[in-house]
Amino acid sequence: MDSKNSRHNNKQIIECEQVIENISSTNKHTEEEFQNFMHRVTEIEKIVSKLASSDTKEQEVGQILADKILDKRTQVVISDQEELKIKTNRTVINKYSINESTSDPNKMGQEAFMKSIEKDANERAADRKIRNERAETLKRIGNGAFKEGDYEKAVTYFTKAIEQRKDSTVLWNNRALSYMNLELFEKALHDCEWALKVNDSNLKALLNSAKCYKNLHNEEKCKEFIKLAREKNPHFKKFVDDFEKDLGTIDIIDDV
């Protein structure tokens, strides 16, 4: 390929990498947007790879794809079999002046991409830490209310904690126990189901489910969950046996 085409390819590489940076600055707000961002970055990275290839045919394909995404503002999807599919892209690509004398445009693009990913991960980690701290504070208030026998207040604060953190079996189990003490066994079962979605072998959720079904006079489902508790927690067989002997006692909440 002659020097003119080479310069053209280098310019397209740089512009493609600028597209990555532009996308990364506007698509980090939700999980869905982040996944869309990752998909588009992958497509553009493929184009950059083709433009930088030593294979003339690969470079030609890269030029076609780069022209499509840069000039016509369309979305290009590259399948594993190199089939080209062009879809309308509603994203407006901002173009900035780029220094074409950059010695290593591929390296520059990769560093910008990794920096955006790292920033996004740090922001998510910080947000998760804040939510967990809020959930812990609300849980402690709920635990205190439960121990004082104020189960309605306990439900209120466990609910607020769950809004901050939905992946905690402790929170789901604690609210379930609060509902059980209020004799709201169907609501308690719902929380046990969520706890088991987080961890399908969670012993407390399985046994509390059995206890709810017992109070709802469903002996068959009660026995089913006791059986599941034994199968999924073989090291706690004696504990399950003792539990089965006395299903009338309401369990204590988790403080952890």
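The values are calculated or read from the model by the stated rules, or taken from the named source; none is laboratory data. Keep in mind the model is a prediction, meaning the values are calculated, not measured. FYI the Cβ positions are ideal-geometry reconstructions off the backbone, even for glycines, and counts take in every protein chain you see.
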- [ ] Can you run down the residue pairs with Cβ atoms below 6 Å, 6 or more apart or on separate chains, where the first is in region 216-235 and more than 10 Å from Leu206 (Cβ to Cβ) and the partner is among the hydroxyl-bearing types (Ser, Thr, Tyr)?
- [x] Lys221/Tyr213; Cys222/Tyr213
Open item on the list: I'd like to know if region 244-256 contains one or more residues that are modelled with pLDDT under 95 and among the polar types (S, T, N, Q).
Closed with: yes
